[in-house]
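Heads up, the thing below is written out as structure tokens.
A short reminder: the numbers here are calculations on the coordinates, not readings from a lab. All values derive from a computational prediction rather than experimental measurement.
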């Protein structure tokens, strides 16, 4: 059974809307929120099957997302993000069942584009608000970090070490790391990993081979890209590329 629908990939999160297909047992670095549109959603954990109007699945929990005849919506949130840490607090047993009333609210608030701010109402509905970055007195340092954040997606290399970027911003590595995480909601390394995933998959969606796309985004080879995609989403890159291409 194949996947049908559309996906959006952004820094620190991804969404899918449609019908799920085959997927093997997997555990991904991101937390996963699943909400049924035409019925219940289901997962298999160990030998147990759980079905409900909606489910929140914790990071690194081995599971299978059961194929659905109806549509559903999935949201993946990096566990190292501010949002991910708050969602994890409500998922201590590995998963959390969401009732029909909660799912109705979530469906109404689901993000429709790749603007990170679109996640705020959805996460607030889960009682896991994303705390805004605290104000800092060093506005010049913030401006330099913001300039780097805006420029990095357009750079050829996405594997620069934190020390090099800190030096570029004229900051110590620890100060740069603090300001960067406060601004983006993610540490530098996972933020760059999501950026590399976006670049590789979008290149593949334009017809580039998986090997070419992997190298262009800083992955060692196609196998490295495949492992990263499966670790995050539990499906093959070719499946995700086809879903992104349908946007």
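Structural remarks
- Remark: the Cα gyration tensor places segment 202-247 in the oblate category, a/c being 1.5 or greater and a/b not exceeding b/c.
- Taking a ≥ b ≥ c as the square roots of the eigenvalues of the alpha-carbon gyration tensor, segment 4-125 is classed rounded because a/c is under 1.5.
- The distance separating the Cα centre of segment 215-247 from that of segment 13-35 comes to 14 Å.
- Relative to the longest principal axis of the Cα atoms of the chain, the long axis of helix 188-205 makes an angle of roughly 60 degrees.
- Cα-based shape type of the chain, given that a ≥ b ≥ c are square roots of the gyration tensor eigenvalues and the cut on a/c is 1.5: oblate
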